[in-house]
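Notes follow the structure.
The values are calculated or read from the model by the stated rules, or taken from the named source; none is laboratory data. Keep in mind it's a predicted model, so treat the numbers as computed, not measured. Cβ sites come from the backbone with ideal geometry, for glycine too, and all protein chains shown count toward neighbours. Heavy atoms of the whole protein, side chains included, go into the accessibility calculation; ligands, DNA and RNA do not. Shrake-Rupley method; radii C 1.70, N 1.55, O 1.52, S 1.80 Å.
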Amino acid sequence: MPASRRRPTVKDVAAAAGVAPMTVSYSFNHPARVAEATRTRVLETAARLGYRPDSTARALRSGRARQLGVVVGEHLSYLFDDPQAAQFLAGVSDVCVEHDLGVVLIPTRGDHDDVDRVLSAPVDGYVLWTTVIDDPVLDAVAGCARPAAIQGGPAHPGLICVGPDDRAAAAAVASAVPLQTATPVVVSFPLDRRRAVRLLRGAELPEDLADTAAVPFPVTGARLAGYRDALTAAGYDWDDVCVAVVERNQRQNGEVAARELLAALPEAGSLAVLAMSDELALGARAALTGAGREALLTGWDGSPEAAASGIWSVAASLREQGRACARAALGDGGDDVVRPTSWTVIAPR
């Protein structure tokens, strides 16, 4: 069996190209310092010898990994399966492309074993997506020397929080439909990390929906509070409103939730379904249409499919939120610890 070939070094490239080792280093790391002809000779020689710079050694010398970590509190495949999660990741990637950085995806489970994995990742900053107030990663990331941003909360000292005013937006989209003509129901994101699927009444939910000890997912609590604001203003008793809680933001879960709501409200009449995403609203619409039940629907994300399907929605670009998080995690954009992003209510076409 032939002996393994020794990996070429900077000195090998320098000797073959007839230059100093420092010139080889500059050719890769500081090309403006090397004459074009010399740099071309060095790069051609490196390619012929099969030399590649040692990225780990480069990071140690510079103190920069040139990578951004995205800490994901969901199944990793969710980032690619869910269209809005994919938009968020695309926004993070936009900024990384601008800065010539890589992206490291770091899935977590919400326990203390996550901390070492997150902190040992070779990254220059962190973007956190979908977690709860008692996640040990929050303290760990906030206490390290690298900048970090979180989308939608929970707000945490040492982290920059990026996102829209979910409560105001939820109230606005609910108020956009004629609530007085239908029985209101809610299709909700999970209430906590257990992601229990439940059918509740408003009276069974915490009175203080902004209390992250009671509703650890802050986006869920804020949107429920916004729906409650709108329904109370329209004259409904929140305690009697049916709330179907799903496990994840997936269309089939919206369909199952709508069937459960239909079973709980068998009497004839129109429903006003306030869903926390367009995917959930589209799933609910399929179930209601199949049952022959009339309904007004609201969603979230401003997708063209929702607008074409008669669903009111909130447009709050997750791609732009991804960009804002990435810029914050790179130390750009000032010292504000809360960075609001814009939203608008979209009427169906």
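Can you pull out every residue in the range 265-279 that is aliphatic (A, V, I, L, M) and open to solvent by 40 Å² or more (accessible area, probe 1.4 Å)?
Correct list: Ala268 only.
Looking at the structure I just gave you, is Ser188 polar (S, T, N, Q), open to solvent by 50 Å² or more (accessible area, probe 1.4 Å), at pLDDT 95 or above and at negative phi?
Considered against the rule, which asks whether it is polar (S, T, N, Q), open to solvent by 50 Å² or more (accessible area, probe 1.4 Å), at pLDDT 95 or above and at negative phi, Ser188 comes out as no.
Name the pairs whose Cβ atoms lie under 8 Å apart, with the first residue in the range 228-242 and under 14 Å from Leu271 (Cβ atoms), the second modelled with pLDDT under 95 and not in a helix (DSSP H, G or I), and 6 or more positions between them or separate chains?
Listed by first residue and then by second, the contacts come to Cys242/Leu265.
Only one of Ala286, Ala275, Ala264 is modelled with pLDDT of 95 or more, closer than 21 Å to Leu179 by Cβ and either of a type outside the set (Asp, Glu) or out of contact with any helix residue (DSSP H, G or I) (no Cβ under 6 Å at 6 or more places or on another chain) (or both); which?
None of the other options fit; the residue is Ala275.
Here is a check on your reading of the model: is Val127 touching a residue at least 24 places away in the same chain (Cβ under 8 Å), of a type in the set (Val, Ile, Thr) and open to solvent by 40 Å² or more (accessible area, probe 1.4 Å)?
no
Kindly establish whether Ser317 is under 24 Å from the mean Cα position of the chain (by Cα), surrounded by 15 or more Cβ atoms within 10 Å (Cβ to Cβ) and not hydrophobic (A, V, I, L, M, F, W, C).
Yes, satisfied.
If you take the residues of the range 234-247 that are under 27 Å from Gly153 (Cα atoms) and touching a helix residue (DSSP H, G or I) at 6+ places or on another chain (Cβ under 7 Å), which of them is surrounded by the fewest Cβ atoms within 10 Å (Cβ to Cβ)?
Asp239
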